[in-house]
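Everything below concerns the one structure shown next.
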Amino acid sequence: MTTIKQAKTPTLIQQGSNDKRVPVPDSFELYRGLQDLNVPSRLILYSGFGHGVNKPKSQRALLQSNLDWFNLYIWNEPIPKNSPLYGASELEPGK
């Protein structure tokens, strides 16, 4: 956070909700700081996981999020509608 004003790189933050190594509030602080600076960023919190995601379906979602993020910011490809980068509230009809 000391040098956040220099941030420009699109940043994907992925974290387990029970992470004992990196406190969840730190990730929210980083995300909010990036958002305040209009740096493209997304925070995905994996419920019930610690520092690592160790269940196959969640690992698949995490890797797909990485792929979709890099495809957008390296190859300028749109994020697929079914991407895990979208939260449940963003997929609800009428929103």
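Structure summary
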| read-out | value |
| --- | --- |
| Residue identified as more than 25 Å from N71 (Cβ to Cβ) and modelled with pLDDT of 95 or more among N38, N18 | N18 |
| Residue count for the stretch 39-80, restricted to those that are in contact with a helix residue (DSSP H, G or I) (Cβ under 6 Å, 6 or more places away or on another chain), part of a loop (DSSP other than H, G, I, E, B) and within 23 Å of V22 (Cβ to Cβ) | 1 |
| Residues that are within 14 Å of the chain's Cα centre (by Cα) and either surrounded by 16 or more Cβ atoms within 10 Å (Cβ to Cβ) or in contact (Cβ under 8 Å) with a residue 40 or more places away in the chain (or both), drawn from the stretch 46-61 | Y46, V53, S58, A61 |
| Residue match in the stretch 2-13 (condition: at pLDDT below 95 and of a type outside the set (S, T, N, Q)) | no |
| Of all residues making up the stretch 80-95, the number that are modelled with pLDDT under 50 and farther than 19 Å from R60 by Cβ | 5 |
| Selection count where residues are open to solvent by 30 Å² or more (accessible area, probe 1.4 Å), under 18 Å from L63 (Cβ atoms) and free of Cβ contacts under 8 Å to residues at least 40 places away in the same chain, scope the stretch 1-45 | 3 |
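The values are calculated or read from the model by the stated rules, or taken from the named source; none is laboratory data. Not measured: the values here are computed from a predicted model. Every residue, glycine as well, gets a Cβ built from its backbone with ideal geometry; the counts of neighbours run over all protein chains shown. Just so you know, the surface numbers come from the protein's heavy atoms only, side chains and all, with ligands and any DNA or RNA stripped out. Shrake-Rupley method; radii C 1.70, N 1.55, O 1.52, S 1.80 Å.
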